[in-house]
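The values are calculated or read from the model by the stated rules, or taken from the named source; none is laboratory data. Quick caveat: nothing in here was measured; it's all calculated off a predicted structure. Glycine also receives a Cβ, built like all others from the backbone with ideal geometry; neighbour counts cover every protein chain displayed. These accessible areas exclude ligands, DNA and RNA; they are computed on the full protein's heavy atoms, side chains included. Shrake-Rupley method; radii C 1.70, N 1.55, O 1.52, S 1.80 Å.
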Amino acid sequence: MSDRTAVELSPEAAEFAEFFAGLAVPESELDAMRIVSEGVHLKAREPEGVTYREVDAGGVPGIWCEPVDANTDYVLLHGHAGGSVLSSAFVDRKLAGHIAKAAGAPVLVLDFRRAPEHKYPAQVDDAEAAFNWLLSEGYEPGNIITIGHSIGGFIAVALALRLRDKKLPLPGAIVSISPWCDLEIAGETIETNAGTDKILSKELLAFFRESWIGGTGIEFTDTRINLNRADLSGLPPTLVSWGTYEVLAGEDEEFATRVKDAGIDTATVVVPGGQHSYVYGAGRVPETDAAIAKIGAWVREKTKI
């Protein structure tokens, strides 16, 4: 007969048990959505020659993805997708590994705080904390590239704008993939691409928006959260990428045009037939791999990695 005598567990062991206890029935619809979103990583293939380790980046959890022979003088600071509500650094680990290999430098994937538990500006605050941590670790500002997709694509730009407004050193480049640029959710392709985008919808975007800024008093047009109304002057070289089938395609194209019109060194990578956050298919979808190769080549060119 097994010994069931009660023992004093470490906090970690107790949390481990509670994790499994909570797997059976999600406590809420939001919990169920989050559980489903964690499975998206299965669409990416594990990259070869990349090591991973969890780090504390200035109080922000993250995953360090480092390819063999990477130039460790540089780093890409990466924000995951999920509308500020879903997903995690663990979902993006594999796709970030592919991006790291293409760029030839490590990627730090942030596990920033999520809404609605943590409203705006928690996510940008976490990105800034991680950026400052990288500086404390000896990285030159110009050797840090901010990158992300969806809400992470917004964060990659919003962090640079915040640093600019504080008159602080900027990252060396920005890569914004499928960024959420316009919280008015009124762009033409929100409707015209509703049948082709298999990830996002107007209703889901509205849910994300309410979760993120609801109750904060921030207007949908506020330049802190609406890139297509923000002053984009003074940004470092910026690459904007999107898929033509996604509902955000129109606002992403507008954003790229506004960056260029602001006098910024601008590049675009447009993926014909690409879904929102097409990078999820890294290592399995040829169109995704081709786009990542272009992004990596651009990062190498602009930063001299």
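When residue 292 is tested against the conditions (1) touching a strand residue (DSSP E or B) at 6+ places or on another chain (Cβ under 6 Å); (2) touching a residue at least 40 places away in the same chain (Cβ under 8 Å), the lone failure is (1).
So that you can scan it fast, the table gives a plain yes or no per residue for (1) modelled with pLDDT under 95; (2) closer than 28 Å to residue 271 by Cβ; (3) surrounded by 17 or more Cβ atoms within 10 Å (Cβ to Cβ):
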| position | (1), (2), (3) |
| --- | --- |
| 105 | no, yes, yes |
| 128 | no, no, yes |
| 141 | no, no, no |
| 153 | no, yes, yes |
| 182 | no, yes, yes |
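Of a type in the set (Ser, Thr, Tyr), within 23 Å of residue 38 (Cβ to Cβ), within 12 Å of the chain's Cα centre (by Cα) and surrounded by fewer than 24 Cβ atoms within 10 Å (Cβ to Cβ): is that true of residue 84 in this structure? Criteria not met by residue 84.
The residues of segment 264-297 that are touching a Ser or Thr at 6+ places or on another chain (Cβ under 9 Å), part of a helix (DSSP H, G or I) and open to solvent by less than 60 Å² (accessible area, probe 1.4 Å), listed by number, are 278, 279, 280, 281, 291, 295.
Scan segment 127-152 for residues that are among the small types (Gly, Ala, Ser), in a helix (DSSP H, G or I) and either under 14 Å from residue 62 (Cα atoms) or under 17 Å from the mean Cα position of the chain (by Cα) (or both) and the total you get is 4.
Of the numbered criteria (1) outside any strand (DSSP E or B); (2) touching a residue at least 60 places away in the same chain (Cβ under 8 Å); (3) open to solvent by less than 20 Å² (accessible area, probe 1.4 Å), the one residue 77 fails is (1). Taking segment 209-253 as the range and being buried (at least 19 other Cβ atoms within 10 Å of the Cβ) and acidic (Asp, Glu) as the test, the residues that pass are 246, 251, 252.
The residues listed here are 51, 72, 5; of these, the one that is open to solvent by 50 Å² or more (accessible area, probe 1.4 Å), part of a loop (DSSP other than H, G, I, E, B), closer than 30 Å to residue 176 by Cα and β-branched (Val, Ile, Thr) is 72.
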